[in-house]
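Just below is one structure, and these are the notes that go with it.
All of the numbers you see were taken from the coordinates with simple rules; none came from a lab. Note that the structure is predicted; figures quoted are calculated from it, not measured. In this analysis, Cβ positions are derived from the backbone assuming ideal geometry, glycine residues included, and neighbour counts consider all displayed protein chains.
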Amino acid sequence: MTDTLIVGGGTAGCVLAARLSEDPAHAVRVLEAGRVRLDPAAFPEALRDATRMPLDPNAAWLWRYPTILSADSDSAEGAHDAYDPVLGELVRGRVLGGSSAVNGSYFGRARAADFAAWDDIAGGPGWDFGTVLDAYRRSECDKDFGDRPGHGRTGPIPVIRSAHPAPISRAVAAAAHSLGLPEREDLNAVPGDGPQTGVARVPCNVDRGLRIGTATAYLLPAAHRPNLRVDGGATVSRVLVRHGRAVGVEYRRDDVTETAWADHIVLCAGAVETAALLLRSGIGPASLPAGTGIPLVHPAPVGQWFTDHPEIGLEYRVGAEPGEKPPATVPLEYVVDLDDIELRPYTVEFTPGIRRLGVALMRPHSWGVLRLSSGDPAARPVIAHRYLSEAADRTRLLEAAALAEELLSRIPGARLLTRVPPATHPRAVVWLRERLGTSQHLSGTCRMGAAHDERAVVDHGLRVHGVRGLSVVDMSVPPVPLSRGPQASAVMIAERAADLPR
């Protein structure tokens, strides 16, 4: 009999499986929809190379989801213009290690203020910064600052910052300094250790140019354990609930429907797939779409309050960079950290000859909705981000874009390809919409909170309210936007879950 069945061998699932199976008496099984490779040498080079994003259109290791970033109903209050929907796409890893195997290797921690807000909402103890800091530390082997307070030197994930940044990274950092922004030596520093905003090198989970995701760092070294079983190509269609308790899951593998039973079910499929799986299992809003044919098993606000970081791109050209062509590097070496805003000078050229400075809103007020399009597990859910639906978000993004424009004006030879309109300009919202994108940081589809919280799906112990034996351990659970990229926090949540009673 399986003690813990983990659905999803992604960023969080690999961590949790490795930690729980450290107890030889605890039987752990992982069901992963993507291909499972338990030999590090068998991983495709594209997944290992930290200098590229392996997001090819037909890559077998990706989930792709269409999304409505902003719609006419999300536009400015009282606006007279009718807008076409702004469409986008979410991309997630569909492979052992999940998105940690395909992302840009950004390994930044969320802020202490984020956890103060999280702990206030959680409905129980354990989510303040002081508590989660131990889980962050346990995950990392920081090659630069591992001996400093609040850091780790013995964890499985190497963390390093570019020692020789590319010319464009250095140019943006110099321009930011000329604006009076301080140097942040360590983006992951604990409060009180240096300035809390400024220009910072990006901490990356990279070792000698290789991306070290959680499959490589956690699961593969544990794969030999007799109490750990990992099955790939297994798409879970629903959780089986009997008398208010989760007892197993139904899944398809090689066109055969099978059932897996366990004492405890943990969903680690990511903020999109975990929410969709709960909805297909009848755990969701009382008004599930009529066309799905899914009976309601337990009412819960699954998918109703997610957040993500809206991002616009300022495109610019620079003159030819002197000297030899710099070696390939990670996609993002520096960020300009302004607390609720992050400016991202990408080293990669998304269009040949054109560079992009990303302007991301890290604590948006807008929230999105995820729902099923049908009861078919192969059907993609309907995802509506509702970006720009709050006036405060529109204003702040325009302010940040104006600052980014000033920063670029201080780079010798840089030429911005479009001007930033004043926030009061009648077409300012149109300008934002034309450049609107997503940071690919969706979270909060199964928010944490007390049982009486109308937005909460799980409790402070990550257990689904009202369904015994069922937990969620991934980026579905943060009840507030986290002001960093999600990777390090997904690992932290899984490390934290390994310590919690089940």
Could you tell me which residue of segment 405-456 is surrounded by the most Cβ atoms within 10 Å (Cβ to Cβ), considering only residues that are closer than 30 Å to ALA174 by Cβ and of a type in the set (S, T, N, Q)?
THR438
Give the residue that is farthest from the chain's Cα centre (by Cα), with candidates limited to residues of segment 324-366 that are part of a loop (DSSP other than H, G, I, E, B) and aliphatic (A, V, I, L, M).
ALA328
Of VAL480, VAL429, the only residue that is outside any loop (DSSP other than H, G, I, E, B), in contact with a helix residue (DSSP H, G or I) (Cβ under 9 Å, 6 or more places away or on another chain) and touching a residue at least 60 places away in the same chain (Cβ under 8 Å) is VAL429
Test for TRP367: is it buried (at least 16 other Cβ atoms within 10 Å of the Cβ), under 30 Å from LEU240 (Cβ atoms) and of a type in the set (Phe, Trp, Tyr):
no
Conditions: (1) out of contact with any strand residue (DSSP E or B) (no Cβ under 6 Å at 6 or more places or on another chain); (2) more than 20 Å from GLN440 (Cα to Cα); (3) of a type outside the set (A, V, I, L, M). ASP340 meets all but one. Number of the miss?
(2)
Tally of residues being in contact (Cβ under 8 Å) with a residue 12 or more places away in the chain, surrounded by 14 or more Cβ atoms within 10 Å (Cβ to Cβ) and over 22 Å from the mean Cα position of the chain (by Cα) across segment 180-195
6
For ALA215, work out the one condition from (1) in contact with a Phe, Trp or Tyr (Cβ under 9 Å, 6 or more places away or on another chain); (2) in a loop (DSSP other than H, G, I, E, B) it doesn't fulfil.
(2)
Cβ-Cβ under 9 Å pairs, at least 6 apart or on other chains, segment 395-412 side hydroxyl-bearing (Ser, Thr, Tyr), far side outside any helix (DSSP H, G or I)
THR395/ALA423; SER409/LEU416
Do we have any residue at all in segment 367-384 that's in a loop (DSSP other than H, G, I, E, B), over 21 Å from the mean Cα position of the chain (by Cα), more than 30 Å from TYR251 (Cα to Cα) and in contact (Cβ under 8 Å) with a residue 40 or more places away in the chain?
no
